[in-house]
Every structure is written in structure tokens, then in C-alpha cells.
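Since the structure comes first, as C-alpha cells, the remarks are kept for the end.
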Amino acid sequence: MTSRGVSVAFEKARADGRAALVGYLPAGFPTVAGGIAALRAMVDAGCDVIEVGLPYSDPVMDGPTIQRAAQQALEAGVRIRDVLATVEAVAATGTPTLVMTYWNPVERYGVDRFATDLADVGGAGLITPDITPDARTDWTVAADAHDLDKVYLVAPSSTDERIAMTVKACRGFVYATAVMGVTGARTTTSDLAGPLVARTKAVTDLPVAVGLGVSNGDQAAEVAAFADGVIVGSAFVRTLLDHADDASAGLTALTTLTADLADGVRRGR
Amino acid sequence: MTAQPTPWDADANGWFGDSSGQQWGGRYMPEALVAALDELTVAWQDAMADETFLADFDAILRDYANVPSPLYEAGRLSELVGCRVLLKREDLNHTGAHKVRNVLGQALLTRRMGKTRVIAETGAGQHGVATATAAAYFGLDCTVYMGSVDMKRQALNVVRMRLLGARVVPVDTGSGTLKDAINEAFRDWVASVDHTAYLFGTAAGPHPFPSMVRDFARGIGDEARAQCLDTYGVLPDAVAACVGGGSNAIGLFQAFLGDEGVEIHGFEPGGDGVETGRHAATIHAGADGVLHGARTFVLQDDEGQTIESHSISAGLDYPGVGPQHAHLAASGRATYTPVTDAEAMEALALLSRTEGIIPAIESAHAVAGALEVAKRLAAEKGPDAIMLVNLSGRGDKDMETALEWFGLGTEK
């Protein structure tokens, strides 16, 4: 168990009798420095764990909001070193910081090299939405060598056998996708999430966090009633997109949203 | 009629190649789609072992799609190069290309699985038109994703799809081309997988698509091989096809992989020339990576971001390639060579004038490359040497491009 791993944050939330709040933004959005400021604001306002997205040209699991942000970052020339710099700046706050990435950039960079560099900047591990543990990669070996968290996804369509296989490969937490669909804020929470979390918890002691669709404190509270963590991405991205012309108003709005969500994860139990 | 497995086929997990060396394909996909891909794998394997399904497929191809297509000896072209040039006339199929085989196969499978809706991606619009056609034939609801850039380039095919009753959805993200349409189709599928089948347009993507699409297209090669033996009593000396994603090529090649004496040639879109960087020659100039669910060759930058491809032929304009082609290239069983836009257009004009056949620009890449091979065969083996080329589609859709390229708008 490492100090940088996300398990510490989940344990703390559990001790407080609440769910953890996991916040996501892609690196380099709206700029590299602006993204770091935004993520630090989210930490200050109550995020327990941060996911830094690695912008990718072919994000098949993302809806229009995150696609737009990632594309903007890519067009501005964001590189993996910028992603690592973002991780370093956020991890320095003491908040566990993961990278959420599609697989090909990691492979092209070199799996072990990526793991080495991520560990060097204090990163906690990877969330890998477009691969499963049974896909052939060198990630398990590299993650184990550098003591990094491995977060894979389970879905409402997953069989019990696949959930068991997936949680066995996870370290840190298990990412349960609440809906059958891509990322994006939704007006109602999914009724698929509860049963999925129950099926997952039946086969693991790892924390189970729920993502896809949560955008406000009330939804966070609903999810926090049955999950160990609530993951929010598109709603943060949307807030920054809505304040594209005024960075300081964007940070203020981000802080307000984070506080609402942080309140939500405390109301759920 | 069930095809026997060969050393060139994928294993149960979709891996091509010897397990002791580099392997290609597999399945790199979000967990949410794994159950659907597993369901599809089982359904496809059951169907391939079911004589009734295979008989239904053959009957639809014969009665509706004008398959088997003829193997035609191009007399004047043969004279020009000094040996026999045979054209597998897939351009004469219903909808004008080999793609009708794949969509009818997948749509028949969709009906067998009890799903009511199909989705597809399309680049040039050919796969979209074929899918819309199959959906109309089987009475399935149909949505086609198409890059907004491609919709402008291929406006006529958009009209065709809509006429056939399909919903055509423009995709503005990324480069607004085929790869982005594939991304959008996957996004749809994640949310609709319980009642929707994704009719993938080429022999690429996650397992089972590379093998399944090949199985539905392999009639091209099975027929051509038998037709060649029937007429000439021998196998061809070489076979050739164009390779974008690679469905027509693998459909032709599969039948000849075990015939050691038969050279196998794939011709990739060389665009403005590989040295210019504006091309789609994925095998020639790409690097090992993962795109759209498979390990294969990918046009990518030093950080693994996909590079936009370029070809005059929208149907070959794709930055990845089917994993079985990656395996055939890496193992040396097949040879892949780039053909530039200019070479392809020259071949298009040549075939039009010598044979009265206007090929699709995609297929013109195969013709251009094959003529060079044929000249060598003629020199090595004499006039009885046989060069067999898959003429994968007809050129009607490409007349605007031809008009612009050749400046044919006014009589000179």
C-alpha cells in the first residue's frame, strides 16, 4: 500500500462515513496552466481523488463535452510531458492523482517508460477505459513494478465472471460505469448503477466508484448512498466551457460545483 | 461448405500470427462492449457451422446481389502487358462493389440474432449505401455515421442512403472523416447494443470483425480460384487487390494463402507519395499500435495520436488496416506496395479506354499495381502467365473526381 495510492483517500472517506469525490479534467484544458489551476481549485473545494485525462485523437468512450475539451487541448499542442506536469502539480497537493488514458498513447510512449515517468512525478496510477485486463498489454507488469494503481471499468453489461476477472486485476478502486453509454452529464441518474455496484461489491473488498452522468450534488448524494466514490467529469468540463472567456469566473463556478458535489457525497448516507 | 481453419486464421481470441512471435488483432475495447462482441462471436461461429444459414446467404447473394461475379479476361489489357490479366468483376455486384457481400452476411446474422436496428460507419459512402440496401432488404432500422467532410465529398451517396431509408448522421469531431465516423458508431453502439448490430465496414476492428467480415467477403477469392482453375486449368501466378481497411483484399487473398506458388499483392493508397507524408499507406509507413480495437499498423505520431490519412480515394482513406493484413505483411506471405493518386488515376483512364470498364478509384489502385507485376510475370514466365486482379467496385461514384483530375468538362 503506497502513500500515493488512491486507497488512502477512499479509506479516509469511509472513516468519515461518506463517499469519496473523484474529479476529472483533461490535461491542457483550457491551457496547461489553466488546467492545473482548475484541478487545484477542485482539490481545494473538496475533491478527494483527481483524474487527469490524456487527450487522444480517437476517444471512443467520450461524449461531445469531453471530446471538445480534449480536441481543444490537442489543437493547442498538448504533449504527454504536459500531462505529467499536470499530474505533478496536482499530486503535490497531497491528493491522489491518476491519469485516465486511452491505450495507444501509453503503448507508443513505452509502457514501462510511462509507468516510470508517472511514478516519478507522484502519479497514483492509470484508469484505462478502452482496454480490459484480458487485452494483451504490458501494463500489469509495469504497474506492479512501479507500485501504481490499475483501475479498470465494469459495465452493466458485464457478466459476473467478467466482473470477478476485472476486480482481480484492479488496484486502488473499481470504476463502475453507471450507464450503457459514453461520458456526459445526464439529467437523471441510472437505475443500472446500483445493481452493478452490488454485483461488484459481492466479489471484491476494493472501493467501487461510479461514473458517467453525475453533474450535481443531489445526483452525487443518490450515488453516494450505494457507492464508495462518485466520479464527475463532463460537468466540470462543461463549467469551464461555459466560462471560456473569463478564467476567474470559471474557477469560481468550478469551486461552487465542487462544493455542491462534495456536500452531496456527504449527504448520501 | 464450412471453411476449414488454416494457419493464417486467428485463434479463438482473435489473434493472427504464431504465438511465439508478433501477433496482430485481438480485442482492445471498452468493457461495456465486450458482452456484445462475445455474443456476436458466438452467433457468427454458429452461423458459419450452420448449413441453412450458409445456404440462405448463398441464395441472397445469387438472387439479389448478382454473385458470383464473372472472372473476365481483359484481352486488350493483356496484350498491352504481355500476359493474361483476369479481372474479378465485383463492380457488377448489386450496389456496385464487393461490399454488398459483407453487409448481406452481417444483416442476415443480425436478423438471426433477433436485433432490429443496424448502424454503420462510412467513408466514401459505399459501405453506407450497402448497409442501407441490406437494411431495406431485411426491413431493419438503419443509421449511418459519416464524416461531415466526406458528406460533402460524396454527396450523391448521401442521397442514395437517404433514398434507401437510412438516417445519415454527420460527424464533425476530429478530422470529420472515416475514423471519426467509426468512433461515433462505437459511441452509438455502447448505448444501443441490446437491440442494435454494428455492421462494421471492413475486416478491421476488434475480434470477431476482422475474421467475420473476411468470412462474408471470402467468396471473392473462393469463386475466383475455382473460376481460374475451370477456365485455364491452373492457378494464377499472382493475385492483387487494393487495401484500405482491407476487406476486398482479404476476401480475395484468403483462398490463395495456402497456394505457395501464388504471389499475393496488396496495393496501398500512396496519396501524393509516401515521401510527402500525405498518404494512407498504413503498412508501408505506419507503426505497430492499437486503433479501433485491434493491434495493427497505424499512422500515428510519436505520442500515439492518430495521423489523418490522405488519398484521392475516400474508400481507402483510413489510418489503420485489418490485422490479418498486418500479419500477412509481417510474415512475408503477402507484399504491400503503395500506389500514388496519379498512378491510380492513370490506371483508371487506361482500363476505361482499353476495356470499356470504369473502375472505382479504389480498384484502380489494384489495377495500377497489378499491371507492373504483370509486366514482370510476362518477362519471367511468358504470355501464359496469369495476373488476377480484384476489380472491387465500379467508378460511377468517382466521376466528379475524374472530371476535376482529368479536366474533362470541355471537349478539347
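Classification of the range B:182-315 by its C-alpha gyration tensor yields an oblate form. The axis ratio a/c (a ≥ b ≥ c) is 1.5 or more, and b/c is at least a/b. Per residue, the accessible area of the range B:269-322 comes to 28 Å² when a 1.4 Å probe rolls over the protein heavy atoms. Per residue, the solvent-accessible area of the range A:26-154 (1.4 Å probe, heavy atoms of protein chains only, all protein chains present) comes to 31 Å². Less than 14 Å Cβ to Cβ from B:GLY266, Lys/Arg counted +1 and Asp/Glu -1: what total charge do the surrounding residues give? Summing Lys and Arg as +1 and Asp and Glu as -1 gives -2. Only protein atoms count toward the accessible area here, which uses a 1.4 Å probe; on the range B:229-364, the carbon and sulfur part of that area reaches 47 percent.
For the range A:111-215, the relative contact order comes to 24 percent (Cα pairs under 8 Å, sequence separation of at least 6). By the rule of a C-alpha distance below 24 Å, with chain neighbours fewer than 8 residues away ignored, the lysines paired with A:LYS168 are A:LYS12, A:LYS150, A:LYS201. Interface residues of the range A:36-65, defined as those losing at least 50 Å² of solvent-accessible heavy-atom surface relative to the isolated chain (probe radius 1.4 Å), are listed as A:SER57, A:ASP58, A:VAL60. In chain B, the DSSP beta bridges split such that about 30 percent are antiparallel, to the nearest 5. Ranking of B:LYS152, A:LYS12, A:LYS150 by solvent-accessible surface, largest first: B:LYS152, A:LYS12, A:LYS150 (1.4 Å probe, protein heavy atoms only, all chains present). When the Cα convex hull of the range B:272-360 is projected onto planes of every orientation, the mean area is 6.5 nm². The three principal axes of the C-alpha atoms in the range B:228-287 carry coordinate ranges of 44, 17, 16 Å, sorted with the longest axis first.
With the biggest extent put first, the Cα atoms of the range B:114-209 measure 35, 28, 23 Å across the principal axes. Result for chain A in a Gaussian network model with C-alpha springs under 10 Å: among A:MET42, A:MET61, A:MET100, the largest mean-square fluctuation is at A:MET61.
Per atom type, the range B:1-157 shows carbon and sulfur on 52% of its accessible surface, probed at 1.4 Å. Assign one of three labels to the range A:209-259, namely rounded, prolate or oblate, based on the Cα gyration tensor with a ≥ b ≥ c the square roots of its eigenvalues; rounded applies when a/c is under 1.5, prolate when it is not and a/b is larger than b/c, and oblate otherwise. Prolate, because a/c is 1.5 or more and a/b exceeds b/c. Given the options B:GLU275, B:GLU303, B:GLU51, which has the most mean-square fluctuation in a GNM of chain B, springs set between C-alpha atoms less than 10 angstrom apart? For chain B, modelled as a Gaussian network with Cα springs under 10 Å, the answer is B:GLU303. Every Cα-Cα pair of the range A:30-82 was included, and the share exceeding 18 Å stands at 37 percent. GNM remark for chain B: springs join alpha carbons under 10 Å apart, and the peak mean-square fluctuation among B:LEU316, B:LEU291, B:LEU77 falls on B:LEU77.
If you average the alpha carbon positions of the range B:342-412 and of the range A:1-64, how far apart do those two centres end up, in angstrom? If we compute the Cα centre of each part, the gap is 55 Å.
Stokes-Einstein diffusion for chain A at 20 °C, viscosity 1.002 mPa s, with a Kirkwood radius from C-alpha pairs, works out to 119 µm²/s.
Residues of the range B:21-43 that bury at least 50 Å² of accessible area when the other protein chains are present, relative to the chain alone (probe 1.4 Å, heavy atoms, ligands and nucleic acids excluded): B:TYR28, B:PRO30, B:GLU31, B:ALA32. Summarising the strand pairing of the protein assembly as shown, around 20 percent of its internal DSSP beta bridges are antiparallel. Highest mean packing comes first when the peptides B:83-94, A:246-257 are listed by Cβ atoms within 10 Å, giving B:83-94, A:246-257.
Both chains summed, the buried accessible area for B and A stands near 3000 Å², from protein heavy atoms and a 1.4 Å probe. Is chain B rounded, prolate or oblate when judged by the Cα gyration tensor, a ≥ b ≥ c being the square roots of its eigenvalues, rounded requiring a/c under 1.5 and prolate requiring a/b larger than b/c? Taking the square roots of the gyration eigenvalues as a ≥ b ≥ c, chain B is rounded.
About the centre of its Cα atoms, the protein assembly as shown shows a dipole size close to 920 debye [charges on the beta carbon of Lys, Arg (+1) and Asp, Glu (-1) only; nearest 20 debye]. In the protein assembly as shown, one over the average inverse separation of all distinct C-alpha pairs is 26.0 Å, which is the Kirkwood hydrodynamic radius.
Taking the chain by itself as reference, the range A:138-165 contains these residues with an accessible-area loss of 40 Å² or more in the full protein complex (1.4 Å probe, heavy atoms): A:SER157, A:ARG162.
The values are calculated or read from the model by the stated rules, or taken from the named source; none is laboratory data. The model shown is predicted, which means the values in this text are computed figures rather than measured ones. As a convention, Cβ positions derive from the backbone with ideal geometry for all residues, glycine included, and neighbour counts pool all protein chains shown. We work out accessible area using only protein heavy atoms, side chains counted, and drop any ligands, DNA or RNA first. Shrake-Rupley method; radii C 1.70, N 1.55, O 1.52, S 1.80 Å.
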